[in-house]
Amino acid sequence: MQRFAACADAIAATSSKLEKVRILGEYLASLDLDRLAVATRFLAGRVFPAWDGRVLMVGFAAMRDALLELTGAGDAEMAQSYRRHADSGDVVRDLLESAGHTGAGVDLLDVAAGFDRIASTTGTRARTALLIELLRPCAPNEARYVTKLISGDMRIGLREGLVEEAVARAFSRPPAAVSRADMLMGDLGAVAVLAAKDRLADAAPRLGAPLRYMLASPVADAAEVVARMGEEVWVEDKYDGIRCQLHRTPERTMLYSRDLRDITGQFPEIVDAAAELPGDLVLDGELLGFRDGRVLAFLDLQTRLGRKSPSAALLEEVPVVYTAWDLLHRDGEWLLDTPLRERRRRLDELRLGGRFAVAHLERACGAGEVDALFTDARARHNEGLIAKNPDSSYTPGRRGLAWLKLKRPLDTLDCVVVGAEWGHGKRRGVLSDVTFAVRAAEGSDELATVGKAYTGLTDAEIAEMTALLLEITVRDNGHFRTVRPQIVIEVAFDSVQRSTRHRSGYALRFPRIAHWRHDKGVDDIDTLEKVRQIATALVEQREQRVDQA
């Protein structure tokens with residue numbers, strides 16, 4: 001672990017992407033296969049593979065208790081250190097060094113085994129005890145990176161794409177082959193081992209383990225759709241539900257959310273209905289609330305999210321259907337490289353019914369027809385359209401131009417909560433005022449705040465979010481808490497204006513929380529560029545109205 005920490009320090013110390021790749025490549029090449037898998041996964045910022053549903057569930061309270069046990073530091077010292085560093089890993093190193101804690105050192109494999117034990121343990125006290133056991137033998141800088149991994153925020157300027165490049169460099173493999181293997185497997189640790197063995201061609205998805213989702217790129221209007229795709233466009237309704245991947249074998253059915261979490265227990269009626277489907281299948285689609293022949297609002301569906309064992313009353317109140325739009329696997333054959341035309345034909349052959357439906361598909365020729373279909377989709381109370389290239393393959397985890405999404409002109413933004421304040425009046429005692437941010441740039445770890453909201457959630461949601469915010473607090477400033485970026489919210493607003501208050505340079509006007517997006521992770525939030533585009537479009541619209549007047 002000492003060499004891992006030294007490598008991470010060296011990567012953080014340089015701003016050169018080429019130098020980061022060189023340092024990491026040399027380090028990875030020096031490891032045996034077991035440590036190679038662990039180190040690669042850790043340096044990509046993951047404790048477990050992307051498809052692995054386990055979580056550590058180690059929050060601020062557990063870390064505080066562990067530091068109290070190991071260093072004797074009280075809340076005042078911890079708060080002072082947080083104000084000085086604003087990074088949980090740096091705080092742990094600081095307090096351990098101040099207490100004279102040296103530690104004998106710990107092996108990478110011991111850290112991985114410790115994470116496994118924590119993830120398989122229930123109860124805060126038991127997890128805290130395991131955390132103390134894990135940190136006690138660590139040298140301060142080793143403990144720093146163990147803590148960074150637990151918090152999910154390495155902060156060394158290393159994105160997954162650079163780790164892929166480093167794996168390719170370490171073992172002299174084609175970067176495109178490494179990238180494709182990662183796309184298929186969702187585990188850079190396993191990919192690194194294949195690269196070391198010169199077996200990247202063996203990379204394949206696993207039935208029962210979720211793939212990353214293929215993503216759509218946003219476009220402004222129908223003209224841009226046609227400009228990017230050509231005259232022939234396949235168009236599907238963009239539904240207001242939650243993305244869901246279904247893996248079905250005769251033995252079991254598994255459901256996975258957009259962030260690859262296992263949500264099987266939340267939708268037992270879909271699992272039961274899937275028992276009637278033929279053979280082995282992997283479907284990509286959307287879960288929708290559906291009752292009396294109509295799709296329910298997302299707000300209704302939201303009452304089903306996060307409930308591992310929904311009551312019979314809730315199942316009756318908010319029934320759901322699964323709307324499939326892609327077939328990724330059928331009876332031992334993966335179809336990712338098969339053109340969409342063929343995948344859709346084979347999906348239609350399944351003749352889904354009952355709790356299952358197939359997405360509404362139209363063929364459009366030209367911007368005029370796309371516009372008309374957009375109007376029809378909105379009349380059906382859907383968000384808009386997804387335009388697809390009928391000859392495209394399915395590329396997990398990639399946001400290319402094979403799929404394009406066209407929504408209403410002034411869209412909502414997916415943001416991540418970075419801070420929270422205690423409420424007033426009837427909301428006294430809950431963290432109801434949240435500060436939220438977007439990603440500063442595509443592919444960047446940096447976040448840029450764009451506003452604060454305190455309306456839109458129910459009292460029950462506020463109570464639930466307060467409990468989670470307390471768990472993921474990284475700095476307690478009394479009235480305001482800085483939190484680990486984890487909670488994704490969909491924010492509605494009336495306008496965007498320039499602002500010196502937020503580091504982004506923009507502020508959303510009259511923001512309100514439209515939805516708490518349990519189905520999305522921080523990688524799914526929007527970028528500052530989208531905020532700029534909306535702001536520019538609004539200025540142009542105002543200028544047009546002035547000219548017309």
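The values are calculated or read from the model by the stated rules, or taken from the named source; none is laboratory data. Model, not experiment: these values are computed from the prediction. Reconstructed Cβ throughout: ideal geometry from the backbone, glycine too, with neighbour counts over all protein chains shown.
See the values below:
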quantity: One residue from ALA372, ALA324 being among the hydrophobic types (A, V, I, L, M, F, W, C) and more than 23 Å from the chain's Cα centre (by Cα); calculated: ALA372
quantity: Evaluation of SER217 against (1) modelled with pLDDT under 90; (2) closer than 30 Å to ASP34 by Cα (one fails), failing number; calculated: (2)
quantity: Members of segment 4-26 found to be without any contact (Cβ under 8 Å) to a residue 60 or more places away in the chain and among the charged types (D, E, K, R), listed by number; calculated: GLU19
quantity: Candidate set from segment 467-496 (those that are of a type in the set (S, T, N, Q) and under 30 Å from ILE534 (Cβ atoms)); member that is surrounded by the fewest Cβ atoms within 10 Å (Cβ to Cβ); calculated: SER495
quantity: ARG228 under 19 Å from ASP337 (Cα atoms), basic (Lys, Arg), assigned to a helix (DSSP H, G or I) and at pLDDT below 95; calculated: no
quantity: Enumeration of residues in segment 510-522 that are touching a residue at least 40 places away in the same chain (Cβ under 8 Å) and either surrounded by 19 or more Cβ atoms within 10 Å (Cβ to Cβ) or not basic (Lys, Arg) (or both); calculated: PRO511, ILE513, ALA514, HIS515, TRP516, ARG517, HIS518, ASP519, LYS520, GLY521, VAL522
quantity: Residue match in segment 460-467 (condition: within 20 Å of LEU299 (Cβ to Cβ), in contact with a helix residue (DSSP H, G or I) (Cβ under 9 Å, 6 or more places away or on another chain) and not acidic (Asp, Glu)); calculated: yes
quantity: Any hit, segment 281-294, residues being among the acidic types (Asp, Glu) and modelled with pLDDT under 90; calculated: yes
quantity: Within segment 239-265, considering residues that are in contact with a Pro (Cβ under 7 Å, 6 or more places away or on another chain) and either modelled with pLDDT under 95 or among the hydroxyl-bearing types (Ser, Thr, Tyr) (or both), the one nearest to GLU316 (Cα to Cα); calculated: TYR256
quantity: Residue count, segment 272-284 (criterion: under 24 Å from the mean Cα position of the chain (by Cα) and either surrounded by fewer than 21 Cβ atoms within 10 Å (Cβ to Cβ) or farther than 18 Å from PRO250 by Cα (or both)); calculated: 1
quantity: Of all residues in segment 368-399 being modelled with pLDDT under 90 and of a type in the set (Gly, Ala, Ser), the one that is surrounded by the fewest Cβ atoms within 10 Å (Cβ to Cβ); calculated: ALA379
quantity: Count - residues of segment 197-209 that are surrounded by 20 or more Cβ atoms within 10 Å (Cβ to Cβ) and assigned to a helix (DSSP H, G or I); calculated: 1
quantity: Segment 131-157, residues that are part of a loop (DSSP other than H, G, I, E, B), surrounded by fewer than 23 Cβ atoms within 10 Å (Cβ to Cβ) and among the hydrophobic types (A, V, I, L, M, F, W, C); calculated: ALA139, MET154, ILE156
quantity: Single residue of ARG351, ARG399, ARG378 found to be free of Cβ contacts under 8 Å to residues at least 24 places away in the same chain and outside the structural domain of LEU447 (by TED's automatic domain parsing); calculated: ARG351
quantity: First in segment 216-236 and without any contact (Cβ under 8 Å) to a residue 60 or more places away in the chain, second anywhere and assigned to a loop (DSSP other than H, G, I, E, B) and aromatic (Phe, Trp, Tyr), Cβ under 8 Å, 6 or more apart; calculated: none
quantity: Residue match in segment 210-227 (condition: within 27 Å of ALA367 (Cα to Cα), buried (at least 21 other Cβ atoms within 10 Å of the Cβ) and among the charged types (D, E, K, R)); calculated: no
quantity: Matching residues in segment 264-300 - criterion: being in a loop (DSSP other than H, G, I, E, B) and in contact (Cβ under 8 Å) with a residue 40 or more places away in the chain; calculated: PHE267, GLU276, LEU277, PRO278, GLY279, ASP280, ALA297
quantity: When residues of segment 93-124 are limited to those that are surrounded by fewer than 14 Cβ atoms within 10 Å (Cβ to Cβ) and aliphatic (A, V, I, L, M), the one farthest from the chain's Cα centre (by Cα); calculated: ALA104
quantity: For VAL55: the one exception among (1) within 24 Å of the chain's Cα centre (by Cα); (2) surrounded by 14 or more Cβ atoms within 10 Å (Cβ to Cβ); calculated: (2)
quantity: Search result, residues across segment 18-56 that are closer than 29 Å to GLY208 by Cβ and β-branched (Val, Ile, Thr); calculated: VAL38, THR40, VAL47, VAL55
quantity: The lone exception for LEU373 - which of (1) closer than 27 Å to GLY397 by Cα; (2) in a helix (DSSP H, G or I) it fails; calculated: (1)
quantity: Selected residue (only one of ASP65, ASP32 is of a type outside the set (A, V, I, L, M, F, W, C), at pLDDT 90 or above and under 28 Å from GLY478 (Cα atoms)); calculated: ASP65
quantity: Residue tally, condition surrounded by fewer than 22 Cβ atoms within 10 Å (Cβ to Cβ), not in a loop (DSSP other than H, G, I, E, B) and not polar (S, T, N, Q), over segment 239-263; calculated: 3
quantity: Qualifying residues in segment 443-456 (those that are part of a strand (DSSP E or B) and out of contact with any helix residue (DSSP H, G or I) (no Cβ under 9 Å at 6 or more places or on another chain)) - the one farthest from SER432 (Cα to Cα); calculated: THR449
